[in-house]
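To start, the structure under review is shown below, and the notes come after it.
The values are calculated or read from the model by the stated rules, or taken from the named source; none is laboratory data. Predicted model, so just to flag it, every value in this text is computed and none were measured. Glycine gets a Cβ as well: all are built from the backbone with ideal geometry, and neighbour counts include every protein chain shown. Ligands, DNA and RNA are stripped out before the accessible areas are found, and what is left, the full protein with its side chains, is counted by its heavy atoms. Shrake-Rupley method; radii C 1.70, N 1.55, O 1.52, S 1.80 Å.
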Amino acid sequence: MAVDNIIIKSLPNEPGIYKFFGENGDIIYVGKAKNIKKRVNSYFTSLKGKDRKTKRLVNQIEKVEFSVVNRESDAFLLENNLIKEHQPKYNVLLKDGKTYPYIVITKERFPRIHHTRRKNLNFGEYFGPYPSVRVQKQVVDLLQKLFKFRTCKLNLSEANIAKGKFKVCLEYHIGNCFGPCEDLYSEEDYNADIEMARNVLKGKIRMVKDHFKQKIQYFADSLEFEKAQSFQERLNNLEQYHSKSLVSNISDIEIHALTIVHGIKKTFGNYIHLHEGAIIKTRNVELKNPLDLNDQELLRVFLNEILSQQSSEDLPVKSIISNVEIEEKINGIIVNQPKAGDKKRILDLSIKNALEYKSSIEQVDIPDPNLRKLETLKEELNLKNTPFHIECFDNSNFQGSNPVASMVCFKNGKPAKKEYRHFNIKTVEGPNDFDSMKEIVQRRYSRLLKEKATLPDLIVIDGGKGQLNAAYEELLNLQIQIPIIGIAKKLEELYKPGDPFPLMVSKKSEGLKLIQHLRNEAHRFAITHHRNQRSKRVSKSILDDIEGIGPKTKDLLLKEFKSVKKIKEASQQELIELLGKTKGLNIFEGIKKAGD
């Protein structure tokens, strides 16, 4: 999986569709969402509990693209068209006819139209698939209202009807069927209605509307007002259904919108194709412009690319709308710049898509702040590789007592606290920072070599040239080649081994600030460990060395007096009252002797 969090965070909180691409650049899944960012993010947050198909899908995603729409209904229509066009391998609806709903027109005399989950091409003509059973049933109910097709399973052969074998049922009496079973509706008229229903299922709504309008006019002219009213109700139902998937109420059958917007360094374009007011295609592109073309020339290139991808079934493009003003035609195609109305709203939607795409690309191009610091540090230290793994060492002692050291680890520019380590100095006596540094460097990296663990990309030593050179000498003894630098405490200067002069690094540098963060963290960690060691030492010297004090007596004393200091300040009588005469006197004398 090559999709990272930066890409997901750059997605818009808008309704629309998203496309997942595999390693070969093929679309492997198309989905719709109320909120594109939340929906896409849900795939990557956790695979726990997800089915096998989803896990396989997520592991194969190499790229994510999106298109913004105004409403969920627009997203559904666009999703359906993209699925039909690209047939993504992970869309269940195209791979498992038993688990996704279709609408079928049966192959029989007086065909029926109903919903099904089983796809058998010998049984009938199938439409869909549909994203839910609810949507599927809504379409079937609409067609039933519009065309009154039969719902029974009777064998309406000519012979059976001629024999008067059937009687009309309740559906006829309540106006839901025209009664072909008793020859009350001709096969020719019935098949004409089925053809109109087929047009609705194919999205050819205008043709059906025109048919209803002609019928209304015909029956009105014939003074058959009840029939005219019946077709008017059908037209109203159809228009109500159609309005749910319309972007606008425009009259144009085909609308092509192409828009261009400019980013910081790149140019972006969006294409939207509407058929009878509904979005059926959309595309975001990054426009390459090595020749520094102007917007008019870029629009020509963009349009030619869109035209080259049209299929033979697509209607020819006669005009486009665009935010680029151009007076002459492009390959005989008129370019308009609408200033108001429905076409302007479509143009605005296209511009919105282009801007959202620009924003998503530019967010990905801008590095993560931690990554930017690491890249800065790489340049300033002239490193071959980006220092994703850095380890920093610091010594700590108090007047030569309890010498300790610490190592902190940063990965990807952030503290990796589970990797922090404390060291008690074992081979060095007295306050010798150079030898102490050699010891901890030797112990740390000899162990990593023995365990065949990953070595850091950079080592930082908190201290001057002496400690830096001591650590570097030990690396040479271990035959380890890792870049190493020291940070001097007074002037906050960075040094490399053997170089008497500090590196030229700005005091405001993000790289230097990262090193300072490492140094401060190492110092804090070392001081904390040193204080703990001193506390143990003090506690042991005062209490544990006194004869007659066991763990229970020690706990009782600390519970009563709260600290070793207050125990030392306690009077002889207080100790006797708490522990008894013999033990109280023994401890009082022992504390007094330890203080001398």
With axes computed from alpha carbons, what is the tilt in degrees of helix 36-45 against the longest principal axis of the chain, rounded to the nearest 10 within 0 to 90? 50
Of N160, L478, L377, which is farthest towards the positive pole of the chain's charge dipole, taken about the Cα centre with +1 and -1 on the beta-carbons of Lys, Arg and Asp, Glu respectively? L478
What nm value, rounded to one decimal, do you get for the distance between I527 and M207 when each label is placed 7 Å out toward the C-beta? 8.2
For region 407-469, which whole percent of the accessible surface, found with a 1.4 angstrom probe, sits on carbon and sulfur atoms? 45
About the Cα centre of the chain, what is the dipole size in debye to 20, counting +1 per Lys and Arg Cβ and -1 per Asp and Glu Cβ, all else neutral? 2400
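Would you list M407, M207 from the most to the least accessible area, probe 1.4 Å? Present the calculation step by step, with values, prior to reporting the outcome.
Working: M407 0, M207 100 Å².
Result of the area sort, largest leading: M207, M407.
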Sequence neighbours fewer than 8 away in the same chain don't count; with that in mind, list the aspartates and glutamates whose C-alpha is under 14 Å from K266. E286, D292, D295, E356, E362, D365
In straight Cα distance, which lysines are under 23 Å from K418, not counting same-chain residues fewer than 8 positions off? K373, K450, K452, K513
Using amide H atoms built 1.01 Å from N in the peptide plane, name the residues 5+ places from N336, or on other chains, whose amide H lies under 5 Å from its own. I320, I321, S322
Cut-off 11 Å between beta-carbons: net charge of the residues surrounding F178, Lys and Arg +1, Asp and Glu -1: -3
So what is the 222 nm mean residue ellipticity for the chain from helices alone, if each DSSP H run of at least 4 adds -39500 (n - 2.57) and you divide by all residues, rounding to the nearest 500 deg cm²/dmol? -14500 deg cm²/dmol
Report, in degrees rounded to the nearest 10, the 0 to 90 angle that the Cα long axis of helix 369-381 makes with the longest principal axis of the chain. 50
For region 555-596, which whole percent of the accessible surface, found with a 1.4 angstrom probe, sits on carbon and sulfur atoms? 49
Could you give me the ³J(HN,Hα) list for region 323-331, computed from phi with Karplus coefficients 6.51, -1.76, 1.60 and θ = phi - 60°, whole Hz, x at Gly and Pro? 8, 9, 7, 8, 7, 7, 6, 10, 6
Those aspartates and glutamates that a straight Cα-Cα span of less than 12 Å connects to K343, excepting residues fewer than 8 apart in one chain: D252, E254
Using the Cα centre as the reference, give the magnitude of the dipole from point charges on the C-beta atoms of region 137-222 (Lys, Arg: +1; Asp, Glu: -1; all else neutral), rounded to the nearest 20 debye. 440
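Percent relative contact order of the chain, based on C-alpha pairs within less than 8 angstrom and at least six residues apart?
On the way: 921 pairs, mean separation 47.6, N = 596.
Across the chain, relative contact order equals 8 percent.
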Rounded if a/c under 1.5, otherwise prolate or oblate - region 106-242, Cα gyration tensor axes: oblate
How much of the accessible area of region 154-228, probe 1.4 Å, is carbon plus sulfur, in whole percent? 51
Taking the 0 to 90 degree range and rounding to the nearest ten, how far is the long axis of helix 581-595 tilted relative to the main principal axis of the chain, both from C-alpha atoms? 80
Just the accessible area for E188, please: 1.4 Å probe, Å², rounded to the nearest 10? 150
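Order D348, D292, D26 by their accessible area, 1.4 angstrom probe, all chains in place, largest first.
Listed by decreasing accessible area, they come as D292, D26, D348.
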Students often get this wrong, so check it: of K148/K202; K34/K344; K34/K329; K438/K507; K281/K329; K89/K411, which have C-alpha atoms separated by over 27 Å? K34/K329; K438/K507; K89/K411
Could you state the accessible area per residue of the chain in Å², with a 1.4 Å probe and every protein chain left in place? 55
